[in-house]
1. Taking into account only those residues within region A:165-178 that are in a strand (DSSP E or B) and free of Cβ contacts under 8 Å to residues at least 60 places away in the same chain, which is farthest from A:Ala123 (Cα to Cα)?
2. Restricting to region B:32-77, and then to whatever is of a type in the set (A, V, I, L, M, F, W, C) and more than 12 Å from chain A (Cβ to nearest Cβ), can you tell me which residue is farthest from the chain's Cα centre (by Cα)?
3. For region A:189-227, what are the residues that are within 29 Å of the chain's Cα centre (by Cα), within 14 Å of chain B (Cβ to nearest Cβ) and of a type in the set (D, E, K, R)?
4. Please state which one of B:Lys23, B:Lys60, B:Lys27 is surrounded by 13 or more Cβ atoms within 10 Å (Cβ to Cβ) and closer than 25 Å to A:Gly194 by Cα.
5. Scan region A:110-159 for residues that are in contact with a Gly (Cβ under 8 Å, 6 or more places away or on another chain), without any contact (Cβ under 8 Å) to a residue 60 or more places away in the chain, over 19 Å from A:Gly234 (Cα atoms) and of a type in the set (A, V, I, L, M, F, W, C) and jot them down.
6. Those residues that are surrounded by 19 or more Cβ atoms within 10 Å (Cβ to Cβ) and away from chain B (no Cβ under 14 Å), I need them from region A:167-181; list them, please.
7. Residue by residue through region A:136-164, note down the ones that are among the small types (Gly, Ala, Ser) and either within 27 Å of A:Ile188 (Cα to Cα) or not in a helix (DSSP H, G or I) (or both).
Amino acid sequence: MSENTDAGKIDLNELKSGGFIKQNQKDLFTVRLRVPGGRLDVDKMAKIAAVAKKYSKMGYCHLSFRQSVEIIGVHIDDFDAAVKELAEFGQPIASCGPRIRVPTACGGNEYNPNGIMDAQKKAMEVDKELFGTTCHHKFKISFSACPIDCARTRGMDLGFQGVVDPHWKDDPCTGCTLCEKACLEGAIVAAEDGKPIFYREKCVYCGDCIKACPTDAWTPKRKGWAVRAGGKHGRHPRTADNIMLFLLDEKVLDFISKTVEWYNANGTRGERIGTTFDRVGVEKYKEEVARPFIES
Amino acid sequence: MGENVADEEIDLRGVLCPINFVKTKLKLEMMESGQVLEVTLDDGEPMRSVPRSIKEEGHKVIKVEQFDDGYKILVKKADS
């Protein structure tokens, strides 16, 4: 029982927006925290642990598949106190239901040498600006900093994956063939003199050639995001459609907003955006949403 | 004085990633800036990873040479 009626109202609102998930155990709920990109400041982590220790009746947390910390076994009567204590150090609750969920992301490009784009920064921005936006069904967004795609963008309603366009100059090239070695796609084959022949159709834009080149004959011409949409997992998985390449970093939020607008206008209640694509055609989405973002 | 003459050598055939890179790094740390280290590597993953990591550390691969049992690469130590 809550101690006053105001607190009781907060309970209801919190429950509606999700983040509290009913468990098998009577009156116990899972409290899902909002951890965009799965990055947790170490001080915050310790404080979350203290709250979990105090309120979990089951004595453990679970790391959700979307990178959240979930405190398992919180009694319904403790919601207010737990939420308040979490809020004291700026830790909000996540969401469930038909809305933009907390974005997920790989580690990004700050410390991982494979990273091309700053996936962490984008996840934070999306969480800040667009989290909770309502739509027809759940809407999952993820960011992978490179084509290894640890954040599984092909399984998201909207996924962004870092890409870099390699550009080769003859002058600095010594014909060492390290780029051929570096390329896992067979997109670079060394000619007789060791200099590269580039097969663009095989390139996945990972930038390994740029990273391997000892003389900077390979350089990044442009960087951006490969955009995929309409993916999901669950009972009936659907692989996302490739929408476009090299979306500019500063256009990502706008792209998401336009996509959700389109989805709200063209989708029907309870269907994921991939189902909308299957019904009205992904070409319609590409034409109406993606085309203006493609640089000519 | 050709810069393609090695001051030191290290044979890392049969050594797995990332230990081969770590050994290269440690060897380079014991050398002077501008000196050249010859690193012998197996083809495959080592040739994919080690030269790239060397570049990330700021050193320069100045020559790559294939021979019948792998590769020899010459690495010039960066100014510290």
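None of the figures in this text is laboratory data; all of them are computed from the coordinates on show. As the structure is a prediction and not an experimental result, all values here were calculated from the model. Cβ: placed from backbone, ideal geometry, glycine included. Neighbour counts: every protein chain shown.
1. A:Trp168
2. Checked region B:32-77; the qualifying residue farthest from the chain's Cα centre (by Cα) is B:Phe67.
3. A:Asp208, A:Lys211, listed by residue number.
4. After ruling out the rest, the residue left standing is B:Lys60.
5. The answer is A:Ala145, and nothing else.
6. A:Trp168
7. Scanning region A:136-164 gives A:Ser142, A:Ser144, A:Ala145, A:Ala151, A:Gly159, A:Gly162.
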